[in-house]
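Working notes, structure below.
Bear in mind these aren't lab numbers, they're just calculated from the coordinates by the rules spelled out. Just so we're clear, the structure is a prediction, and the values are computed from it rather than from any experiment. Here the Cβ positions follow ideal geometry from the backbone for every residue, glycine too, while neighbour counts run over all protein chains shown.
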Amino acid sequence: MRDAGFDQVLDFKRDGARIAHAPYVDVAVIELDARSRPTAAANVLLSRDYPTGAIVPIDVETLGTTAVRYTAWNLDRWDSGAHDATPTEPLVPGRDKAPLRFMAPYPASLFKLLIAFRVLRWVDQGHLTWDQPWRFLRDTEDKGTRPIRDWLEPMVTESDNTATEALVKLLHEQGAMASLNAELAALGLDTLQVHGTSPVTGRSWNPGQIHMTALDTARLLLLIEGGPGVLWRTASGRDVTAKELSGASRTHLQSLLADQALHEALSSTLLCGDARAEPGIPAAVPTRWVNSEDGTVTAAETAFGRDTRPCNATAEVTFLHKTGLTENYGSDGGIVRSLPGKPWRRYIVVFLSNLGYRYYDAKVADAADFAKGEDGFPYVSTSISYTQRIPALGRQIDAMMRERQRARPQSPPAKDAAPQQAPRPAR
């Protein structure tokens with residue numbers, strides 16, 4: 001985290017001057033063995049309170065922490081420069097005496113992972129089926145009818161907002177949104193929270209209302225990965241296992257995360273060959289997104305315009321992940337698995353920050369046009385949406401994990417760790 005140099009990024013809202021103070025960054029890693037069992041974990045925070053980083057104590061039984069007083073994000077407090085201002089509302093009560101404090105950045109579209117999880121659980125419980133049609137009326141606007149699986153697929157693989165709205169409204173109408181936070185808290189994931197979404201439009205995804213932290217998100221991904229046995233125990237003594245989701249549901253979501261188009265944060269394959277970009281986690285972009293004639297990718301209404309084939313040819317891992325990006329927030333989190341014949345590693349990594357596309361690097365500074373307002377952000381003309389210090393950090397983490405795990409056996413997961421197969425989602 002210290003090497004990443006996040007305090008050196010440039011801020012469009014300060015006319016390209018350096019960021020006013022250390023940003024809020026939350027990074028967690030869970031190391032896995034060949035059976036996808038957790039073997040080690042780490043969590044580091046960066047903020048105005050901890051400009052050189054703070055290591056979060058992690059409990060070996062819960063794989064969580066009570067050492068951080070997480071509070072809700074407040075953009076005005078961030079922009080005000082009031083370092084000692086009264087913290088915002090706590091996410092989890094009873095931590096007033098915790099040794100660390102941290103204002104948790106809004107997760108942006110990473111929160112769609114929580115919606116996907118709730119849909120999967122609702123299917124597992126028999127309230128929905130994958131082929132069940134759902135007609136999405138956004139207030140009075142008819143957005144069409146699709147099977148549930150066909151709303152879920154674009155929400156995960158391209159971060160499609162309309163699909164997300166459809167599923168949020170579906171969960172509201174089914175009475176499933178009200179219990180989401182309690183369900184996550186019962187698993188010990190009490191900083192994962194969704195509040196204030198509209199039952200009419202499926203929208204209203206607001207900072208200060210939707211919360212995620214890196215360590216709890218990493219544990220949710222651990223459940224989705226689904227190794228055998230007890231993955232962690234909650235503070236109340238509940239054993240959490242992969243059976244919280246059916247094998248079919250886990251495999252279904254894994255396949256969608258593996259089909260992720262947006263490799264532009266911790267992995268940066270979409271920017272392959274661009275001298276202004278930094279290599280990230282060496283992950284392959286799924287071939288469904290790659291133009292066979294020129295290797296370019298168009299996804300989420302963005303033409304990235306680089307030939308990704310050279311980077312795909314040298315890729316070492318698959319990255320089953322979900323990204324998030326707005327003007328003020330950037331996130332990414334997923335499961336890393338080595339490709340056959342490549343140096344072995346398997347781990348989970350989650351990155352949350354307030355480093356959205358208003359923050360950029362000196363290499364793209366000439367693309368900033370302050371006279372154009374929001375149309376002048378560097379990403380508009382470069383399609384480089386994240387500071388490249390994020391993929392550089394991803395690359396460092398991957399190199400560390402490759403070195404840590406290079407002596408590990410490369411045997412496949414045991415039979416009791418293998419999830420059941422599910423049909424591929426319709427395109």
- Query: Based only on Cα atoms, what Rg/Rh ratio does segment 1-133 have, Rh being taken as Kirkwood's radius?
  - Reply: 1.05
- Query: When we measure straight from the Cα of Lys169, which lysines land under 29 angstrom away, once same-chain ones fewer than 8 places off are left out?
  - Reply: Lys112, Lys143, Lys243, Lys322
- Item | Antiparallel DSSP beta bridges within segment 46-157, percent to nearest 5 | 60
- Query: About the Cα centre of segment 224-277, what is the dipole size in debye to 20, counting +1 per Lys and Arg Cβ and -1 per Asp and Glu Cβ, all else neutral?
  - Reply: 240
- Item | Beta bridge orientation in segment 261-358: antiparallel %, DSSP, nearest 5 | 95
- Item | Neighbour-limited loop hits for trypsin sites (Lys or Arg not before Pro), segment 237-309 (at most 14 other Cβ within 10 Å; DSSP other than H, G, I, E, B) | Arg238
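Okay, helix-only estimate at 222 nm for the chain: each DSSP H run of n ≥ 4 adds -39500 (n - 2.57), divide by all residues, round to 500 deg cm²/dmol; what do you get?
When only DSSP H runs of four or more count, the value is -7000 deg cm²/dmol.
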- Message: Principal axis extents for segment 6-417, Cα atoms only, whole Å, descending order, please.
- Response: 57, 55, 54
- Simple Cβ-charge dipole of segment 157-211, Lys/Arg +1 and Asp/Glu -1, about Cα centre, in debye nearest 20: 140
- In nm, to one decimal, how far is the Ala407 label point from the Thr88 one, both placed 7 Å along Cα→Cβ? 4.5
- Query: Can you give the extra length, in nm with one decimal, that the chain gains between Met400 and Asp366 once fully stretched, where that is 0.36 nm per residue apart less the Cα-Cα distance?
  - Reply: 8.9 nm
- Note on the structure: Given unit charges at Cβ for Lys, Arg (+) and Asp, Glu (-), the dipole magnitude of the chain about its Cα centre in debye, nearest 20, is 1160
- Within segment 124-205, DSSP-loop trypsin sites (Lys or Arg not before Pro) with at most 10 other C-beta atoms within 10 Å are none
- FRET efficiency, Asp294 to Thr162 (Cβ-Cβ, R0 25 Å, nearest 0.05): 0.30
- Subtract the Cα-Cα distance of Asp59 and Asp79 from 0.36 nm times their separation in residues, and report this length gain in nm to one decimal. 3.9 nm
- Task: Could you list which residues have their amide H under 5 Å from that of Arg101, counting only those 5 or more apart in sequence or on another chain, with H placed in the peptide plane?
- Result: Arg69
- Contour minus end-to-end for Asp131 and Thr287, with contour as 0.36 nm per residue of separation and end-to-end as the Cα-Cα distance? 53.6 nm
- Query: Of Phe117, Val297, Phe136, which is farthest along the charge dipole of the chain in the positive direction, counting Lys and Arg as +1 and Asp and Glu as -1 at C-beta?
  - Reply: Phe117
- With θ set to phi - 60°, apply the Karplus curve 6.51 cos²θ - 1.76 cosθ + 1.60 along segment 12-19 and write out the HN-Hα couplings as whole Hz, x wherever there is a Gly or Pro. 4, 6, 10, 6, x, 6, 5, 3
